[in-house]
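Worksheet: the structure to be examined is printed underneath.
The values are calculated or read from the model by the stated rules, or taken from the named source; none is laboratory data. Everything numeric here is computed off the predicted structure, so don't read it as measured data. All Cβ positions, even for glycine, are placed from backbone atoms using ideal geometry, and neighbour counts span all protein chains on display. Just so you know, the surface numbers come from the protein's heavy atoms only, side chains and all, with ligands and any DNA or RNA stripped out. Shrake-Rupley method; radii C 1.70, N 1.55, O 1.52, S 1.80 Å.
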Amino acid sequence: MKKELTCVECPMGCRITVLLEDNKVIGVEGNTCARGKMYAENEVFDPKRVVTSTVKLSCGGVLPVKTDRPVSKKDMFSVMKVINGACCKAPVKTGDVIIENVFGANIISAKTVE
Amino acid sequence: MRNYDIIIIGGGPAGLAAAISAYDNGVKSILILEREAQLGGILNQCIHNGFGLARFKESLTGPEYAERFIVGVKERGIEYLTETTVLSVSNDKKVTAISAENGVFTVEGKAVVLSMGCRERSRGALNVAGTRPAGVYSAGTAQKYVNILGYMPGRSVVILGSGDIGLIMARRMTLEGAKVHAVCEIMPHSSGLKRNIVQCLDDFDIPLYLNHTIVNIEGKERVQGVTIAQVDANKKPIKGTEKHFDCDTVLFSVGLIPENELSKTAGVNLSPRTKGAIVYENRETSVDGIFACGNVLQVHDLVDFVSEEAEIAGKSAAEYVLNGATEKEVIETDCGANVTYVLPQKINKNAGGNVKAFFRVSKVIKNCTVKAECNGEVIISRKKKIAVPGEMETLLLLGDKLKGLNGKITVSVEGETE
């Protein structure tokens, strides 16, 4: 099986083809450096992304938040659903956990509000 | 009238870093004037991550990046006024501002740092045909609605321009439940970072139409749809290539322009290439004691470079206050092949030290040689796999080499072009 992706390690943006057999990488083509090979190997099975969004503040306005680690790309919309159902109270500091364990990550505050 | 050693106009990433740097270089009497209710500038609405990779070796969100500098300003007890709009700056460094709390007032500085940032190019500047319904926003305005005010400006979106803010908003609005039908880019390449193309468009199967533009916006009260079309080599729409999308929102992400109205009131000379001030390597403008940094000087892609530049300006402002004006022996920089601008435009040979020159290329160039020359002699040259217009390039000019130079320094990038 083949998977095509664009490398984001540098502006070259190489089109990389990953060759798979029995869910194992048997070859990487199209990359022009070692970083590209690593990127492709990580990206091909379970691509992960940090999700950033906002949570409602009870005193009005919104608080920027993020997952404290990357979550699976396929879970991004489920994570958003949890974030959009939440509400939080000031004061809050950058790094404070707003919602625990959402698809393996904590939703943490990205801003200090006094 | 109150007096300060340094007055900083704008409390975004540039102003904050300049203030901290000026303070740490020995000047304690500093005032920052900020138009918005909070310090941090545009970073407050840039809630996505990817900031600070160069500077902090970690991926921060905009508010987190800003907070590190806001804390730095507060720890040092640097004075600042928010919700204060500067009306004019004179060439003798009198700054007139207005706020609800203080009314109209004037403060005087020994030095002034201009760090007002930039603003988005608007629909009007492009003259797109069609009606004038509600639902047409700049990408940054939409970003403020969603990320600061907390509401969605629309549900069904077409974006013109593939600048980074447009790409970021394509993802942001998709995550919040909107349908983004298309991103149209008139150029044959995106002006956004590769990372954003992949993670903001490809991740969500949002199509990017290169060589396309919007030819009509429809709707009376509210946007009801847009028509896009392919363009030819002269950027003219090609008949028969039109596509129609029903949508309620159009976002424009078509470039940024340094906001230099105040620089003009101070008599600062501007460059037609950067639309920002013409500066020396220490970021001093054509007016003695007035410095500029950040997006008001040149539109940056990475805030990390803004902070670096602002630190140069802050330090130089402090040196100006402590030591007064210095005698300058000037060499100029110039654009060679495929280069659209070089900054700084002027270098004072007497200053000593290395100078990092920033520049941009006019098109995608692969396997290229980046070179600085003076009177036919190569000062520095290096190979690069690729240079793209969307990413700022740098070249380090060594102080030892600069001393012996007479004549213009020309920066060029030559290699394989498409």
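Model label sites at residue A:26 and residue B:288, defined 7 Å from Cα along the beta-carbon direction, differ in position by 7.6 nm.
Eigenvalues of the alpha-carbon gyration tensor of chain B, scaled by 5 and square-rooted, set the equivalent ellipsoid semi-axes at 37, 28, 18 angstrom, largest first. Subtracting the Cα-Cα distance of residue B:105 and residue B:323 from their residue separation scaled by 0.36 nm leaves 75.6 nm. For each pair in B:74/B:275; B:346/B:401; B:363/B:383, compute the distance between the two Cα atoms and list the pairs where it is over 22 Å. Violating the 22 Å Cα-Cα cut-off are B:74/B:275.
Taking one quarter of the surface of the C-alpha convex hull of segment B:327-418 gives a mean projected area of 5.4 nm².
At an R0 of 25 angstrom, the distance between the Cβ atoms of residue A:35 and residue A:103 translates into a FRET efficiency of 0.35. Residues whose amide H lies under 5 Å from that of residue A:51, counting only those 5 or more places away or on a different chain, are A:67, A:71; hydrogens are built 1.01 Å from N in the peptide plane. Per residue of A:61-70, other chain Cβ atoms within 10 Å of the residue Cβ number 4 on average.
Distance from the C-alpha centroid of segment B:320-369 to that of segment A:28-54: 36 Å, rounded to the whole angstrom. Take each residue in B:59-70, count the other chain C-beta atoms within 10 Å of its C-beta, and the mean is 4.
Each Lys and Arg adds +1 at its Cβ and each Asp and Glu adds -1 at its Cβ; summed about the Cα centre, segment B:135-200 shows a dipole of about 140 debye. If R0 equals 30 Å, the separation of the Cβ atoms of residue A:19 and residue B:418 corresponds to a calculated FRET efficiency of about 0.55. Ranked by the mean number of other Cβ atoms within 10 Å of their residues, highest first, the peptides B:307-317, A:26-36, B:258-268 fall in the order B:307-317, B:258-268, A:26-36. With θ taken as phi - 60° and the Karplus curve 6.51 cos²θ - 1.76 cosθ + 1.60 applied, the whole-hertz 3J(HN,Hα) list for segment B:343-348 is 9, x, 7, 9, 10, 8 Hz, x standing for glycine and proline. Sites listed here are GluC sites (Glu not before Pro) in segment B:1-93 whose DSSP assignment is loop and whose Cβ has at most 12 other Cβ atoms within 10 Å: B:58. When B:149, B:251, B:208 are compared by accessible area at a 1.4 angstrom probe, the order from most to least is B:149, B:208, B:251.
Averaged over peptide A:104-112, the number of partner chain Cβ atoms lying within 10 Å of each residue's Cβ comes to 3.
Placing a label point 7 Å from the Cα of residue B:28 along the Cα-to-Cβ direction, the residues of segment B:52-83 with a backbone N closer than 13 Å are B:76-79.
Evaluated with a Cβ-only charge set (Lys, Arg +1; Asp, Glu -1), the protein assembly as shown carries a dipole of roughly 600 debye about its Cα centre, given to the nearest 20. Placing +1 on the Cβ of every Lys and Arg and -1 on the Cβ of every Asp and Glu, with no other charges, gives segment B:1-57 a dipole of roughly 100 debye about its Cα centre.
Segment B:389-418 and segment B:205-229 have their alpha-carbon centroids 40 Å apart. For chain A, what's the relative contact order in percent, using C-alpha pairs closer than 8 Å and at least 6 residues apart? After rounding, I find 18 percent. For segment B:1-75 versus segment B:260-277, the inter-centroid distance based on Cα atoms is 22 Å. Judged by the mean number of other Cβ atoms found within 10 Å, the most tightly packed of the peptides B:332-339, B:223-230 leads the ranking B:223-230, B:332-339. Each of B:169, B:231, B:137 was placed along the dipole of segment B:122-254 (beta-carbon charges, centred on the mean Cα), and the one lying farthest toward the positive end is B:137. As a calculated quantity, the FRET efficiency between residue B:88 and residue A:81 at R0 = 35 Å, using C-beta atoms, amounts to about 0.10. Computed from the Cα positions only, the extents of the protein assembly as shown along the three principal axes stand at 69, 60, 49 Å, in decreasing order.
Exposed loop sites here are chymotrypsin sites (Phe, Trp or Tyr not before Pro) assigned a DSSP state other than H, G, I, E or B and surrounded by at most 14 other beta carbons within 10 Å; excluding them, the longest clear run of chain B is B:152-418. Counted residue by residue at 0.36 nm each, then reduced by the alpha carbon distance between them, the extension gain from residue B:218 to residue B:76 reaches 45.8 nm. The aspartates and glutamates within cross-link reach of residue A:24, meaning a Cα-to-Cα straight distance under 19 Å and a gap of 8 or more places when in the same chain, are A:4, A:41, A:43, A:46. Considering only alpha-carbon pairs that sit under 8 angstrom and 6 or more positions apart, the relative contact order computed for segment B:152-301 is 21 percent.
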